[in-house]
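The block underneath contains the structure these notes are about, expressed in structure tokens.
The values are calculated or read from the model by the stated rules, or taken from the named source; none is laboratory data. All values derive from a computational prediction rather than experimental measurement. Here the Cβ is made from the backbone with ideal geometry for all residues, glycine too, and neighbour counts use every protein chain on show. The accessibility values were calculated without ligands, DNA or RNA, using every heavy atom of the protein model including side chains. Shrake-Rupley method; radii C 1.70, N 1.55, O 1.52, S 1.80 Å.
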Amino acid sequence: MISLLRPLACVLLLVPSLLTAGGAQRFVLEHPYQVTEIREPDRNVPVTSVILMIGDGMGIHHLSAAWAANRGRLFIENCPVTGISKTWCADKLVTDSAAAGTAMATGTKTLYKRVAVCPKGGKLDSLVDKAADMGKSTGVVATCALNDATPAAFCANNEKRSDSYGIIGDYPHSRADFIFGGGSKYFTQRPDGRDIFKEMEAQGYRVARTWEDAAALPSGKTLAVTAPGNLPPPSRRGDVLRRATLKALDTLSRNPEGFFLMVEGSNIDKAAHSNKLGEMMEELLDFDRTAGAVLDWASKHPGTLVVITADHNTGAFALTGGNREKGEITARFGSGSHDGMAVPVYAFGAGSGAFTGIYENTDIFRKIMEAFKKGAVKPAPGR
């Protein structure tokens, strides 16, 4: 099994010590979860489906803290392939989630705060659009409000990530078949008087306003918006991210042409911005458990590629001490902002070998598209 720290080696471990640190915080995971070994299926079979998991703001330092808290085991470590992604955007060394999400969703470096819009202002097609063009099913699952930058980069186009009503107003035109997240207030309590829920019902979506209602829906086009804004922390919401992801997989995998699914652990970033160690650890560990469910699913479905990464690093976070046997960590945040550090990439399953090395975040889009195109090539007769 690979070492969690391999992707960024020593370079990234040194940088936080150069930053002005805040006060030390302590966290203990009282109830660790068991991590099982998940064997990678044949990575040389054609790729038909891709699951892209994004831990918003999740750098190698955050993952190291989660690893230590869970007694030295994470599900993400089942990924045999690692890489490093550079996160800068077109006009700034330190990106935001809009530009970083756009880079991964569309393969284009854009300006700070733009959502699936290029530097010159043109709208960009995302992996959701590209996969739909190939006849695949598509989905987006997030724990934030759906107007937030990362899900928006896959489902909308806007020059201002702050234009919440405009972004949600694009959702009826999205080509995502399964959508889960928060932000219900932007669907109905709108200055333009539109009811986006009704518009999406007219597009064939079944709309659910609670997780219980969403879980009970039959397979088909689904919009589940289960909170007015961002979803609450895992201690209050439970394992909804894992369950919503598995519901999406069950729905999308019914398409014989395959699917594309983006899953975001959105609120890792929000807790890191606020320097709330306990809440951030909740979100990280919930994301890892969801990754475990995804990897287990992919291990049983050859032709599935799983890519796990982050859009950027948040909080200049440093693991400064603790006790792995007790699940105790001590840590400091150096800021409440993003920073320009590269982030790790983990890959598993069909086509995973393409994700080793050091590359731009736009190459994640390119590598996924290349995998899809190779998977679409039919073998010559007689072979």
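Using the alpha-carbon positions of region 18-79, Rg (one decimal) and Dmax (whole number) come out as 16.1, 50 Å.
Taking all protein chains as they are arranged and a probe of 1.4 Å, the heavy atoms of C118 leave approximately 30 Å² accessible to solvent. Highest mean packing comes first when the peptides 225-231, 188-194, 245-251 are listed by Cβ atoms within 10 Å, giving 245-251, 225-231, 188-194.
Taken along the Cα-to-beta-carbon direction at a fixed 7 Å, the label points for Y33 and R254 span 2.7 nm.
Applying a threshold of 20 Å to the alpha-carbon distances of K123/K221; K198/K221; K86/K367 flags K123/K221 as lying beyond it. Charged side chains reduced to their Cβ positions (Lys and Arg at +1, Asp and Glu at -1) give the chain a dipole of some 420 debye around its Cα centre.
For a Förster distance of 41 Å, can you work out the FRET efficiency between the beta-carbons of H173 and S235, rounded to the nearest 0.05? Walk me through the numbers before you get to the answer.
Values: r = 36 Å, r/R0 = 0.87.
Given R0 = 41 Å and the Cβ-Cβ separation, E is 0.70.
Any chance you could tell me what percent of the C-alpha pair distances in region 223-345 go past 21 Å? Above the 21 Å cut-off, region 223-345 has 49 percent of its Cα pairs.
Of the Cα atoms belonging to the chain, the radius of gyration and Dmax stand at 19.5, 67 Å.
Taking all Cα pairs closer than 8 Å and separated by 6 or more residues, the relative contact order of the chain comes to 32 percent.
Exposed loop positions in the chain were taken to be GluC sites (Glu not before Pro) whose DSSP state is not H, G, I, E or B and which have at most 11 other beta-carbon atoms within 10 angstrom. Between these positions, the longest stretch is 38-383. A P(r) calculated from all alpha carbon pairs of region 248-288, with 5 Å bins opening at zero, reads 5, 22, 20, 12, 10, 12, 9, 7, 2 percent. Label sites at S219 and A202, each approximated as a point 7 angstrom past Cα along Cα to Cβ, lie 3.0 nm apart.
The order of D195, D288, D91 by accessible area, most exposed first and with a 1.4 Å probe, is D91, D195, D288.
Considering only the Cα atoms of region 94-157, their convex hull presents on average a projected area of 4.2 nm².
Loop-resident chymotrypsin sites (Phe, Trp or Tyr not before Pro) (DSSP state other than H, G, I, E or B) in region 77-165 with no more than 16 further Cβ atoms inside 10 Å of their Cβ: Y112. Each of M369, T210, N158 was scored by the projection of its Cα onto the charge dipole of the chain, and the greatest displacement toward the positive side belongs to M369; charges sit on the C-beta of Lys, Arg, Asp and Glu.
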